[in-house]
1. Among the numbered conditions (1) assigned to a helix (DSSP H, G or I); (2) at pLDDT below 95; (3) not acidic (Asp, Glu), tell me where residue 114 comes up short.
2. Suppose we keep only residues that are within 8 Å of the chain's Cα centre (by Cα) and not in a loop (DSSP other than H, G, I, E, B) within region 139-152. Which one would you say is surrounded by the fewest Cβ atoms within 10 Å (Cβ to Cβ)?
3. Could you list, in sequence order, all residues of region 50-80 that are surrounded by 15 or more Cβ atoms within 10 Å (Cβ to Cβ) and assigned to a loop (DSSP other than H, G, I, E, B)?
4. What are the residues in region 48-76 that are of a type in the set (Val, Ile, Thr), under 20 Å from residue 29 (Cβ atoms) and out of contact with any Lys or Arg (no Cβ under 9 Å at 6 or more places or on another chain), if any?
5. Would you pick out the residues in region 219-237 that are in contact with a strand residue (DSSP E or B) (Cβ under 9 Å, 6 or more places away or on another chain), more than 13 Å from residue 194 (Cβ to Cβ) and in contact (Cβ under 8 Å) with a residue 24 or more places away in the chain?
6. In region 153-192, which residue that is of a type in the set (Phe, Trp, Tyr) and outside any loop (DSSP other than H, G, I, E, B) is surrounded by the most Cβ atoms within 10 Å (Cβ to Cβ)?
7. So residue 35 clears everything in (1) closer than 25 Å to residue 175 by Cβ; (2) touching a residue at least 12 places away in the same chain (Cβ under 8 Å); (3) out of contact with any Pro (no Cβ under 6 Å at 6 or more places or on another chain) except one condition, right? Which one?
Amino acid sequence: MILIVASNKDIASLNIKKQILNHYNFSETTESFQGNHVYTTEVSYGEVKLITLRDESVYAQDLMEFFPSPELVVFISRHSSISGTPTLSTHTPGNLGEASLGGIPRKVSVSPANAMREVLKSMMRLKEEMQLNYEVSYECTHHGPSLNAPAMFTELGSSPKQWKDLKAAKAVARATMEAVSKFGDFPAEAVIGIGGPHYNRKFTRMALEKNLAFGHMIPKYALPSTDLQVLKQCVERTLEHVEFAVLDWKGIKSEDKPKLVEMLNELGLSFRKIKH
């Protein structure tokens, strides 16, 4: 079963949910969750349930107590940034360090690399088809929840203006459902990305242009506190087998490079440096 999760505390999430229900063949069930209706549909992979949380999605740490064995969890959500840049994005939840916004410290969810790549590709195609003036980007792994299941966020941002943009919400809804419908199809090699900014254009471009699917991504700012245990977790908690690490070499501080290479060697994980 695949779980799509909305939040009543999130206007963008509710707008994406509305577009999913308006344009896809979901049926209202007799079930309810946290006082909200549960909807269901079937895709080639199997059953998809759409539920709505009372609280913010980042705090859904106990979700699997109610839905114990989801093959995939997709949180449809707003994206916030200080810049307010209109953005369609996707990432895996989890904490590389402290749990400042939900989840468990130093624990990441399982990353569905190919599903995120499918979302990214769909968002880019829909941006062009629908003539949306939005950036499309991967984000690095951050915030809660930290789930023992493949999980990703599909997001609409980055300010209240965009959260209310129903046309952009439709793009996120379509990208989400396209990825859900193709779940289980793993055409690209899974990799992890290390270095560079939180929104890594190099990793985004590589996923769009090459046969690579990024799972966990560790940004430059998180590297000083990233140890062997966290790095190993990012590799092991990827749904697909991780083939190698992609290093944004110029986006890694010189003092962090020796330790990083040593940890990758200890894990027996090969790596490729990208500079442009």
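The values are calculated or read from the model by the stated rules, or taken from the named source; none is laboratory data. Treat the numbers as computed from the prediction; the structure is a model and nothing was measured. Note that each Cβ is placed from the backbone with ideal geometry, even for glycine, and that neighbours are counted across all protein chains shown.
1. Exception for residue 114: condition (2).
2. 152
3. If the condition is that a residue be surrounded by 15 or more Cβ atoms within 10 Å (Cβ to Cβ) and assigned to a loop (DSSP other than H, G, I, E, B), then 56, 60, 61, 67, 70, 71 are the ones that fit.
4. Matches in region 48-76: 48, 51, 73, 74.
5. Listed by number, the residues that qualify are 233, 237.
6. Residue satisfying both the conditions and the ranking: 153.
7. Among (1) closer than 25 Å to residue 175 by Cβ; (2) touching a residue at least 12 places away in the same chain (Cβ under 8 Å); (3) out of contact with any Pro (no Cβ under 6 Å at 6 or more places or on another chain), the lone unmet condition for residue 35 is (1).
Listed here are the residues, each with its yes/no results for (1) modelled with pLDDT of 95 or more; (2) not hydroxyl-bearing (Ser, Thr, Tyr).
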site: 150; (1), (2): yes, yes
site: 158; (1), (2): no, no
site: 184; (1), (2): no, yes
site: 189; (1), (2): yes, yes
site: 204; (1), (2): yes, no
site: 207; (1), (2): yes, yes
site: 211; (1), (2): yes, yes
site: 214; (1), (2): yes, yes
site: 218; (1), (2): yes, yes
